[in-house]
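In what follows, a single structure is set out as C-alpha cells and then discussed.
The values are calculated or read from the model by the stated rules, or taken from the named source; none is laboratory data. This one's a predicted model, so the numbers in the text were calculated from it and none came from an experiment. Counting neighbours? That spans all protein chains shown, and the Cβs are built from the backbone with ideal geometry, glycine included.
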Amino acid sequence: ARLMLAIAERLTIDEDLEWAFCDTDSMAIAKPDDMSEADFLRRAIKVQEWFTPLNPYKQPGPLFKIEDVNYKIGMMKSIENIQPLYCLAVSSKRYCLFNIDKNGNPIIRKASAHGFGSSTRSVQRKGVTKNNPFSKMRSKRDWGRALAI
C-alpha cells in the first residue's frame, strides 16, 4: 500500500497537481487554484487510470475510484456531474469534505473522525495538560461549526 501511495504522489506531482490528504488506500487529489476544472479532471483521471492495469481482482475496473461525494447531489455518477469539493483536513483520518452553496455556505458531504479513539479527555504530559481542539469533532455538526469559524 505504501508503494502505491508513493507512486500516486509522484504521478500527482508529475501532473502539476496537489493532494489534500492520503490514507493507506486512498489519496485526495487537489486542484491548484490556477488550473481549470477540465484540465484538473483530465490530469486527475490520468493518475487514476495509471493504476487500472494493476487491478488484481476478478471484477475489472479502476483500482482507485472517484468517491461518491465528488458528484453533484442527486445526480448520476459521470464526469459531467463532478463538482468542486473542498477539504478541511487535520490529518489523514480527520477531515471534512464539503461543497459551497450559492450563498457561500458549506454543504458537508463527508466528515471523518477516525483515529480519535473513545477518549476525548485532555492529554497529560509532564504535568502539563494540553487540550485537543479536534478531539470532540465526531459529527457533521461539529465540522460545520469548525467551517463557520
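Miscellaneous remarks
Yes/no per residue for (1) farther than 30 Å from R10 by Cα; (2) modelled with pLDDT of 90 or more; (3) out of contact with any helix residue (DSSP H, G or I) (no Cβ under 6 Å at 6 or more places or on another chain); (4) among the acidic types (D, E):
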{"position": "D39", "(1), (2), (3), (4)": "no, yes, yes, yes"}
{"position": "Q59", "(1), (2), (3), (4)": "no, yes, yes, no"}
{"position": "Y71", "(1), (2), (3), (4)": "no, yes, no, no"}
{"position": "N81", "(1), (2), (3), (4)": "no, yes, yes, no"}
{"position": "C96", "(1), (2), (3), (4)": "no, no, no, no"}
{"position": "G127", "(1), (2), (3), (4)": "yes, no, yes, no"}
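- Residue satisfying all of: in the stretch 36-60; free of Cβ contacts under 8 Å to residues at least 24 places away in the same chain and either surrounded by 16 or more Cβ atoms within 10 Å (Cβ to Cβ) or of a type in the set (V, I, T) (or both); farthest from L85 (Cα to Cα) among these: T52
- Summed over the stretch 1-25, the residues that are polar (S, T, N, Q) and crowded, with 16+ Cβ neighbours inside 10 Å give a count of 1.
- Note on the stretch 1-109: enclosed strands (runs of 3 or more DSSP E) holding 1 or more residues that are touching a Pro at 6+ places or on another chain (Cβ under 7 Å) and among the charged types (D, E, K, R) are 18-23.
- Of the residues in the stretch 68-75, none is surrounded by 13 or more Cβ atoms within 10 Å (Cβ to Cβ), within 17 Å of L5 (Cβ to Cβ) and not hydroxyl-bearing (S, T, Y).
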